[in-house]
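Worksheet: the structure to be examined is printed underneath.
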Amino acid sequence: MSEPGIPTFDQLKIFLAVVETGSFAAAGRRLNRATSVISYGITNLEAQLGLSLFDREGTRKPRLSAAGRAVLAEARAVSKDMDGLRAKVRGLLGGLEAQVDLAIDVMMPSAWLAETLRAFYTEFPTVGLNLHVEAIGAVTALVLDRKAVIGISGPLGAEMPGVENVVIGSVQLVPVASPDHPLAKAQPIKPGMSREHIQLVLTDRSPLSKGREFGVLSPHTWRLADLGAKLALLKEGIGWGNMPKPMIEGELAAGHLVELAMPDNSGGDYRLSGIYRTDTPPGPAASWLLERFREAGSSER
């Protein structure tokens, strides 16, 4: 059996363009090449590999063969790696970033943020910083829309295609209410009692989280896009809700809030990950930031 030849990256680009656009002509338009050039490129690729990548009989549109489907995944992986390589080289050629656009989840402990950004200012005094503070899917949306080069996102960010992620750490969420709230006075809280009261729920402006619920138990909800507003309402005795424990430790110690021993909601850990677009890896300063956030999160474990 003869060994397959080594296809060029250009041949793989043509192959992917045909698959993604659905025809040789559309691929030519995308790549700004004649249809005959696209056809010639596919023919050469098939000759290099010794495989027929498309079934051409009985259809006017190119249809992937079984071999073509198998090759497709590898071609996409090569293209992704090449995009990453080119993007990294562009960053190296360009040197240090003039500005880093950073998006963080509102659940991040302020101590992590302050410690990391203080060190960042010392390390990169000439690099500007544009900071976005968002909730749930909005952090990932900013990264996907290229409005932020890196983000520190909740669990949703790690699930999105086209996004690379590195675990930063986690924040403990606890159910709380005002001492005057009926749930705080109940001894003990019985299963299902949480459903009888308003639950304050954090929401966001991103379509990525549309239709998804995170820790919602009660059918009676008030939804807020601001964690500070949620805290203010909780202290006023309007509803109950989950809050990041580092943010409310002072309120718990002062007796402004009490932690609820709820049998059907014990809070849990809110995982935070550093994210960036696969095709736009962070430059030197942004990479340094991600590593420092990871160290800050690791020190709390």
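Of all residues in the stretch 94-110, those satisfying the criterion of being under 18 Å from Ala135 (Cβ atoms) and assigned to a strand (DSSP E or B) are Asp101, Leu102, Ala103, Ile104, Asp105. Scanning the stretch 79-95 for residues that are surrounded by 12 or more Cβ atoms within 10 Å (Cβ to Cβ) and more than 22 Å from the chain's Cα centre (by Cα) yields a count of 1. From the list Gly157, Gly151, the lone residue that is modelled with pLDDT of 85 or more, in contact with a strand residue (DSSP E or B) (Cβ under 9 Å, 6 or more places away or on another chain) and either crowded, with 18+ Cβ neighbours inside 10 Å or among the polar types (S, T, N, Q) (or both) is Gly151.
Among the residues of the stretch 257-298, those that are surrounded by fewer than 20 Cβ atoms within 10 Å (Cβ to Cβ) and among the small types (Gly, Ala, Ser) comprise Ala261, Ser266, Gly267, Gly268, Ser287, Ser298. Among the residues of the stretch 34-44, those identified as out of contact with any Phe, Trp or Tyr (no Cβ under 6 Å at 6 or more places or on another chain) and either closer than 16 Å to Glu20 by Cβ or buried (at least 16 other Cβ atoms within 10 Å of the Cβ) (or both) are Gly41, Ile42, Asn44. Assessment of the stretch 51-62 against the conditions (under 24 Å from Asp83 (Cα atoms), of a type outside the set (Gly, Ala, Ser) and out of contact with any strand residue (DSSP E or B) (no Cβ under 8 Å at 6 or more places or on another chain)) yields no matching residue. Out of the residues in the stretch 45-58 meeting the condition of being in a loop (DSSP other than H, G, I, E, B) and exposed (fewer than 15 other Cβ atoms within 10 Å of the Cβ), tell me which one is modelled with the highest pLDDT. Selected residue: Ser52. Kindly indicate whether any position in the stretch 59-72 is buried (at least 18 other Cβ atoms within 10 Å of the Cβ) and touching an Asp or Glu at 6+ places or on another chain (Cβ under 9 Å). Yes, the stretch 59-72 contains at least one residue that is buried (at least 18 other Cβ atoms within 10 Å of the Cβ) and touching an Asp or Glu at 6+ places or on another chain (Cβ under 9 Å).
Restrict the check to the stretch 115-122 and report whether at least one residue is surrounded by 15 or more Cβ atoms within 10 Å (Cβ to Cβ) and at pLDDT below 90. Scanning the stretch 115-122, I find no residue that is surrounded by 15 or more Cβ atoms within 10 Å (Cβ to Cβ) and at pLDDT below 90, so the answer is no.
Might you let me know whether the stretch 131-144 holds any residue that is among the charged types (D, E, K, R), over 15 Å from Pro282 (Cβ atoms) and either part of a loop (DSSP other than H, G, I, E, B) or touching a Gly at 6+ places or on another chain (Cβ under 7 Å) (or both)? No: the stretch 131-144 contains no residue that is among the charged types (D, E, K, R), over 15 Å from Pro282 (Cβ atoms) and either part of a loop (DSSP other than H, G, I, E, B) or touching a Gly at 6+ places or on another chain (Cβ under 7 Å) (or both). Counting only residues that are closer than 30 Å to Leu260 by Cα and free of Cβ contacts under 8 Å to residues at least 40 places away in the same chain, the stretch 136-184 holds 1 of them.
The values are calculated or read from the model by the stated rules, or taken from the named source; none is laboratory data. Fair warning: this is a prediction, and the values are worked out from it, not measured in the lab. Using ideal geometry, Cβ is built from the backbone for each residue, glycine included, and neighbour counts are taken over all protein chains shown.
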